[in-house]
Amino acid sequence: MNVSVVVPVYNGARHVRQTLDALARLEPAAGGAVEVVVVDDGSRDETPDIVAGYPFRLIRQANRGPASARNAGWRASTGGVVYFTDSDCIPPPGWIGGLL
């Protein structure tokens, strides 16, 4: 099963790398793939540049708050299941399989 992970972020340059590194290590469910959609909610720091260094989809929008960023990520996702995590959370390697 293909899974999407949506990550809203605003001015997260100090911590977003740790989250993105953890997401890059996630193992997909059997026979599936993991899509990561990062929604930059109008950051004024280096967040977009940091995210651009990862093989993830980056959506940029004007600052409208975390709910709007989550909704934008959900609309852009292509997975059969959509997970949400915040930009300062570190999901463990088995996170996806443990939730399916």
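The values are calculated or read from the model by the stated rules, or taken from the named source; none is laboratory data. Here the structure is a predicted model, which means the values were calculated and not measured. Cβ sites come from the backbone with ideal geometry, for glycine too, and all protein chains shown count toward neighbours.
Within the set Leu20, Leu26, the sole residue that is touching a residue at least 24 places away in the same chain (Cβ under 8 Å) and assigned to a loop (DSSP other than H, G, I, E, B) turns out to be Leu26. Cβ separations smaller than 6 Å between residues 6+ apart or across chains give the following pairs from the stretch 74-100 residues that are closer than 15 Å to Val7 by Cβ to residues that are surrounded by 14 or more Cβ atoms within 10 Å (Cβ to Cβ) and of a type in the set (Phe, Trp, Tyr): Val82/Trp74. The one condition from (1) in a helix (DSSP H, G or I); (2) at pLDDT below 95 that Pro92 does not meet is (1). Within the stretch 65-100, being exposed (fewer than 14 other Cβ atoms within 10 Å of the Cβ) and farther than 22 Å from Arg25 by Cα holds for Gly65, Ala67, Arg75. Would you confirm whether or not the stretch 46-65 contains a residue that is touching a residue at least 12 places away in the same chain (Cβ under 8 Å), in contact with a strand residue (DSSP E or B) (Cβ under 8 Å, 6 or more places away or on another chain), at positive phi and not in a strand (DSSP E or B)? Yes; the residues of the stretch 46-65 include at least one that is touching a residue at least 12 places away in the same chain (Cβ under 8 Å), in contact with a strand residue (DSSP E or B) (Cβ under 8 Å, 6 or more places away or on another chain), at positive phi and not in a strand (DSSP E or B).
The residues of the stretch 41-57 that are crowded, with 17+ Cβ neighbours inside 10 Å and aliphatic (A, V, I, L, M), listed by number, are Ile50, Val51.
On the given criteria, is Asp40 charged (D, E, K, R) and either at pLDDT below 95 or assigned to a helix (DSSP H, G or I) (or both)? No: the conditions fail for Asp40. With the requirement that a residue be under 19 Å from Val81 (Cβ atoms) and of a type in the set (Val, Ile, Thr), what does the stretch 20-58 give you? Val34, Val36, Val37, Val38, Val39 - these are the residues of the stretch 20-58 that are under 19 Å from Val81 (Cβ atoms) and of a type in the set (Val, Ile, Thr).
For the stretch 15-40, taking the residues that are within 17 Å of Met1 (Cβ to Cβ) and of a type in the set (Val, Ile, Thr), the one that is surrounded by the fewest Cβ atoms within 10 Å (Cβ to Cβ) is identified as Val34.
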